[in-house]
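What follows is one structure encoded as C-alpha cells, with my remarks underneath.
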Amino acid sequence: MKSKFEFAKRLIKKAGQMILQRLSDEFVIEEKDRFDDLVTSLDKEVQDFIVAEIRKNYPKDAILAEENNLRHSVKEGNVWVLDPIDGTINFIVQRDYFAILLAYYEGGQGQFGFIYDIINDRLFHGGGLFDVYMNDERLCAYQDRPLSRSLIGANSGMYAQNDHGIRDFIQQSLGLRIYGGAGISMGHVLTGKLLAYFSYLQPWDYAAAKILGDKLGYVLLTLDGNEPDFTHRQKVMFVPKIKLPLITKAMRDHESQ
C-alpha cells in the first residue's frame, strides 16, 4: 500500500504543476447540465493525464471520475476516485480556491485520500493506514470546542433555503463561511478552521475527505445520517463525530416544527 500511496502523492503533485504552468492560459469552457455547471478543457486534460498514469502503473484498477463518464462502483475491486479541478467556477473566475481531489478504495474501504490546494501548495494526505498530514505537518484529531466559538461552511443554496435546519444551526455559531469548493472547505474542517461543512456533492467531491476525516474523528454522512452511496449527488455533512448527536437533534427539531 505504501508504494501506491507514494505513487499517488507524486502524481497529484505533477498534476498540480501542470495546472500552475497553464494558469494564465485561455481555456475552452463548456456548460454541462446548467449554466453554472462548467467544465474547462484543462479539467479534461488534467483528468486524462492522471487516468493515463494510473492505468499505466495499475492496469487492473478501476476509476470513478467527474469527466468523460468514467463510472465504477467503489465497492467493486480497486478504485481510484478523482476530481481533476474541484471548484471549477472558482478556477475560471478567480484562479484560486480550487483543488485536485484523489482517493483510493479497495472493496468499498477507503485506503488513502489527497486534497491538493494548488495555489497555496497545501497537500492534505493520508487516511487508512497512514497518518494525516498537511504537507509535513501531522494533523491532530478533532479537539472539541463549543458551537458558539466556531465557524461553519455550507453550500449557499442550502443555507438560504434552511435545508434540514442548517441555517438555524449555523446561526448558533460565530458565522457562515462559503468558499465555493468542497475540497478547500473540507480542508478547513481538517485543520480546525471550520467546525463542519454542509453541501450537495458528487462522490468525487467527498471521497478523499471522507478517508482523511475518518482518521481524525470526523464523519461524512448524508443529512439523514446515512453513509453516502457513491452513485449520485447527495446532500452531505462533514462533521466531528462527537458533534453528531447535537447536529442530528437540531435537524430533527427543525423537521418537527
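One residue stands out in region 213-242 among those that are among the basic types (Lys, Arg) and at pLDDT 95 or above: the one that is farthest from the chain's Cα centre (by Cα), namely Lys241. Within region 45-58, is even one residue at pLDDT 85 or above and part of a loop (DSSP other than H, G, I, E, B)? Yes: one or more hits.
Could you please let me know if Ile92 is open to solvent by less than 20 Å² (accessible area, probe 1.4 Å) and β-branched (Val, Ile, Thr)? Criteria not met by Ile92.
When region 227-241 is filtered for residues that are open to solvent by 20 Å² or more (accessible area, probe 1.4 Å) and touching a strand residue (DSSP E or B) at 6+ places or on another chain (Cβ under 9 Å), the ones remaining, listed by number, are Glu227, Asp229, Phe230, Arg233, Gln234, Lys235, Lys241.
One residue alone among Arg145, Arg167 is part of a helix (DSSP H, G or I) and open to solvent by 40 Å² or more (accessible area, probe 1.4 Å), and that residue is Arg167.
Within region 111-122, can you find the residues that are crowded, with 22+ Cβ neighbours inside 10 Å and not β-branched (Val, Ile, Thr)? Show your work before the answer.
At the first step, the residues of region 111-122 found to be crowded, with 22+ Cβ neighbours inside 10 Å are 112-118.
Result: Phe112, Gly113, Phe114, Tyr116, Asp117.
Here Ala196 meets the list (1) crowded, with 24+ Cβ neighbours inside 10 Å; (2) farther than 21 Å from Glu255 by Cβ almost entirely, failing just condition (2).
Could you check region 245-257 and list, in sequence order, the residues that are open to solvent by less than 40 Å² (accessible area, probe 1.4 Å) and either assigned to a loop (DSSP other than H, G, I, E, B) or within 14 Å of Leu195 (Cα to Cα) (or both)? If you could, list the steps in order and put the result at the bottom.
So in region 245-257, the residues open to solvent by less than 40 Å² (accessible area, probe 1.4 Å) come out as 247-248, 250-251.
Once the filter is applied, which keeps residues that are open to solvent by less than 40 Å² (accessible area, probe 1.4 Å) and either assigned to a loop (DSSP other than H, G, I, E, B) or within 14 Å of Leu195 (Cα to Cα) (or both), region 245-257 yields only Ile247.
How many residues are within 24 Å of Gln161 (Cα to Cα) and assigned to a helix (DSSP H, G or I) if we restrict to region 198-244? Result for region 198-244: 5.
The values are calculated or read from the model by the stated rules, or taken from the named source; none is laboratory data. Just so it is clear, the model here is predicted, and its values are computed rather than measured. Note that we place each Cβ from the backbone using ideal geometry, even for glycine, and neighbour counts take in every protein chain shown. Calculation scope for accessible area: heavy atoms of the full protein, side chains included, ligands and nucleic acids excluded. Shrake-Rupley method; radii C 1.70, N 1.55, O 1.52, S 1.80 Å.
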